[in-house]
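Peer 1: Submitted below is the structure of interest, expressed as structure tokens.
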Amino acid sequence: MILRIECPSCQQAFEVSEELKGRTVECGACEHRFQVTDAVLAKRTQERYFPDEIKKNADLSRFGRAPVSSAPVEFRTAAYQDAPPPVHVGPVPLANHFAAGIGFLILVLTACFLFFGSGESLDAPLTDVEKPQRMILGGFLGVIGSGLLIWGLMRNRLLAVVISVLGLAGISALVWTTDVYRSPEYKGPFTEREVEPTREIERGAVPTSLYDIADDDLTFENVMEIIRWEASIQPDLVSMGESNLAVIWIRRMDEHLQMQLRNYFQQSLPLSERPVFNGRGPGGIFILKGQSLDLEEVATVASKVGDVIDIFAELRVVGVNLDGTVFNEADSDTMRKLEDPSEEAFYTLNFNELAHIDRERVRNAVGRLSRAEPVRMRSDITRRLVALLSENLDAEFSGDVAEALKVWSEPGDGADDFVVDQGNQLLLEGRDLPMGIVRFLSDRQTPTAMPLLISVWQKDPGKYQAYLEEFGSAIESFIWPYLESRELPILRSSVSILGAVGSKESVPYLQEASSKHEDADVKAGIDSALNRIMKR
């Protein structure tokens, strides 16, 4: 059983076990020791007193009384100010800051896009976009930006409205003040007042042989309208000059032939950049830019893809009826004959492939012929290979053609001179001389090729030394001046060449070089070369 007791000293009450009755315990609050008896047992009901009351049932009259007044009490109604709007209380939400920033950014970017996107470059995003369409785009973006800005600036709506009005006004002004530039492919409305002619062009009747365009006679104006000459050709013609621009007008063609024709024109003509194609009705025009483009030469190149109908010299335009058969792909049986030299048609088919406008098919035919025996059509194939060298070939392709000529050409047929000319042209253009040309010239020992090979030998003596030695003693007079070279690779290669092919005429030059050079290795090489010459 649990007993509830009180400390006689501090009246702290606490509970103890009945087993402690009669024993002495210590108060946990004041540390007073006392015996657990009935006297210290706590009563269940105790009267509570204020701190100042010691005696039970004390008289409370000694406490003061509040004065009682019968005077009337006046009440006054409290007046409060109107509550402030919620938007002006507390911090502005982050969403409003974000919306205001995005709205202002949309207005600025829209103005920049309308201004910078209207440039004269054909890559400008607003090229060919008319002003009404620009106004719709600018207005749509402007309204979105303004709405976000006004909603975001919740504590300064007036400022937001002013900025929005100014932004929309600026966008409208940009739309109506910037010019609309049109690309050659533009199909929309076009009037002569938009492009002022810079020179007077003689206009007259155009021949009626241009089929598929109109049944009636075509006037000069008809041709200009069909190919949109004033929009797509005249600006470049004025800025570049007549001799640097030409146009091939293919009156009807399939779209998939565009890439082959562009490659063919680029490879066959001295163009400064890739031809530009613009579709015109059932066909299109190829705009060619280069240095001194002769219109007759352009017509000759175009004649390989079809019939040249007319040449409009004043417009720098060559009209062509395309022959689609030149693009026909070889079937499986034809491909088998092209690859097999034992087939009777092998030489004829590959000879025809050499004149194909697809440069990759021409390259494949050259490779097949360079591995075949020249038993048939030797002179015809040689002439076709030589004609290829006169075209605008890359260095690697020129080397492939030279390798084929090494098989098919015969001494004295004149192919050597064409290969030398091609090699010199490549060097003038700053391109590397392909090894196919080097091997052909060294194999033929063409005298006119020695200066060409000497020029490439100086750049890499070790690579080309063996090819110079193929010329035998005919090369030694070209080597003598290099015995005085201060470049050790050239000097050592010169001594080695003379040691391999030199005659007694080279002895004085070698002896003089030995007396001038103090390098022990050079002297040893010269002595070895002299010994080899004397033994011969």
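The values are calculated or read from the model by the stated rules, or taken from the named source; none is laboratory data. All of these numbers come straight from a predicted model, not from anything done at the bench. Reconstructed Cβ throughout: ideal geometry from the backbone, glycine too, with neighbour counts over all protein chains shown.
Peer 1: Residues TRP457, TRP408: which one is touching a Phe, Trp or Tyr at 6+ places or on another chain (Cβ under 6 Å), aromatic (Phe, Trp, Tyr) and touching a residue at least 24 places away in the same chain (Cβ under 8 Å)?
Peer 2: On the way: TRP408 fails: touching a Phe, Trp or Tyr at 6+ places or on another chain (Cβ under 6 Å).
Selected residue: TRP457, the only one of TRP457, TRP408 that is touching a Phe, Trp or Tyr at 6+ places or on another chain (Cβ under 6 Å), aromatic (Phe, Trp, Tyr) and touching a residue at least 24 places away in the same chain (Cβ under 8 Å).
Peer 1: What about SER506, is it over 47 Å from the mean Cα position of the chain (by Cα) and either closer than 29 Å to GLN422 by Cα or among the basic types (Lys, Arg) (or both)?
Peer 2: In short, no.
Peer 1: Looking only at segment 467-483, how many residues end up being in contact with a helix residue (DSSP H, G or I) (Cβ under 7 Å, 6 or more places away or on another chain) and under 19 Å from SER514 (Cα atoms)?
Peer 2: 6
Peer 1: Let me ask another. Might you let me know whether segment 159-174 holds any residue that is at pLDDT below 80 and loosely packed, with under 12 Cβ neighbours inside 10 Å? It would help to see each step written out before you state the result.
Peer 2: Within segment 159-174, the first condition is being at pLDDT below 80, and the residues that meet it are none.
Within segment 159-174, none of the residues are at pLDDT below 80 and loosely packed, with under 12 Cβ neighbours inside 10 Å.
Peer 1: How about segment 5-23: which of its residues are of a type in the set (S, T, N, Q) and touching a strand residue (DSSP E or B) at 6+ places or on another chain (Cβ under 8 Å)?
Peer 2: Within segment 5-23, the first condition is being of a type in the set (S, T, N, Q), and the residues that meet it are 9, 11-12, 17.
SER9, GLN12, SER17 - these are the residues of segment 5-23 that are of a type in the set (S, T, N, Q) and touching a strand residue (DSSP E or B) at 6+ places or on another chain (Cβ under 8 Å).
Peer 1: Do we have GLY499 as touching a residue at least 12 places away in the same chain (Cβ under 8 Å), assigned by TED's automatic domain parsing to the domain that holds TRP408 and either within 23 Å of LYS535 (Cα to Cα) or in contact with an Asp or Glu (Cβ under 8 Å, 6 or more places away or on another chain) (or both) here?
Peer 2: Taking the combined requirement at face value, the residue does not satisfy it.
Peer 1: Taking ARG316 and the conditions (1) outside the structural domain of ARG439 (by TED's automatic domain parsing); (2) on the phi < 0 side of the Ramachandran plot; (3) crowded, with 18+ Cβ neighbours inside 10 Å, which numbered condition does it fall short on, given that it satisfies the others?
Peer 2: Single failed check for ARG316: (2).
Peer 1: Oh, and also: Would you be able to tell me the number of residues in segment 71-114 that are at pLDDT 85 or above and either closer than 18 Å to LEU166 by Cβ or in contact with a Cys (Cβ under 8 Å, 6 or more places away or on another chain) (or both)?
Peer 2: 14
Peer 1: Separate question: Here's a check for you: in segment 275-289, which residue that is in contact with an Asp or Glu (Cβ under 8 Å, 6 or more places away or on another chain) and either among the polar types (S, T, N, Q) or under 19 Å from PRO235 (Cβ atoms) (or both) is surrounded by the fewest Cβ atoms within 10 Å (Cβ to Cβ)?
Peer 2: Across segment 275-289, the extreme among qualifying residues is GLY279.
Peer 1: So, one more: Please report, ordered by residue number, the helices (runs of 4 or more DSSP H) entirely within segment 361-480 with at least 2 residues that are crowded, with 16+ Cβ neighbours inside 10 Å and of a type in the set (Ser, Thr, Tyr).
Peer 2: The helices (runs of 4 or more DSSP H) meeting that bar are 461-469.
Peer 1: Moving to a separate point now. Criterion first (over 21 Å from PRO374 (Cβ atoms) and more than 39 Å from the chain's Cα centre (by Cα)) does PRO434 satisfy it?
Peer 2: No; evaluated as a whole, the condition is false for this residue.
Peer 1: Residues that are touching a residue at least 60 places away in the same chain (Cβ under 8 Å) and in contact with a Gly (Cβ under 7 Å, 6 or more places away or on another chain), at least 1 per element: which strands (runs of 3 or more DSSP E) completely within segment 225-302 meet that?
Peer 2: 245-250, 276-280
Peer 1: Go through segment 138-167 and count every residue that is free of Cβ contacts under 8 Å to residues at least 24 places away in the same chain and in a helix (DSSP H, G or I).
Peer 2: Of the residues in that region, 8 qualify.
Peer 1: Checking VAL326 against (1) touching a helix residue (DSSP H, G or I) at 6+ places or on another chain (Cβ under 8 Å); (2) under 21 Å from GLU391 (Cβ atoms): exactly one of these is not met. Which one?
Peer 2: Condition (1) is where VAL326 drops out.
Peer 1: For segment 245-253, check the following and say yes or no: at least one residue is of a type in the set (Lys, Arg) and within 14 Å of VAL301 (Cβ to Cβ).
Peer 2: Scanning segment 245-253 turns up no residue that is of a type in the set (Lys, Arg) and within 14 Å of VAL301 (Cβ to Cβ).
Peer 1: Please work out if ARG439 is modelled with pLDDT under 90, assigned by TED's automatic domain parsing to the domain that holds GLU410 and at negative phi.
Peer 2: It is false that ARG439 is modelled with pLDDT under 90, assigned by TED's automatic domain parsing to the domain that holds GLU410 and at negative phi.
Peer 1: Continuing with this model, one more query. Of all residues in segment 338-360, count the ones that are over 26 Å from MET259 (Cβ atoms) and part of a loop (DSSP other than H, G, I, E, B).
Peer 2: Counting residues in segment 338-360 that are over 26 Å from MET259 (Cβ atoms) and part of a loop (DSSP other than H, G, I, E, B) gives 6.
Peer 1: Given the condition touching a Lys or Arg at 6+ places or on another chain (Cβ under 7 Å) and farther than 22 Å from SER390 by Cα, answer yes or no: does some residue in segment 486-501 qualify?
Peer 2: Yes, that holds for at least one residue.
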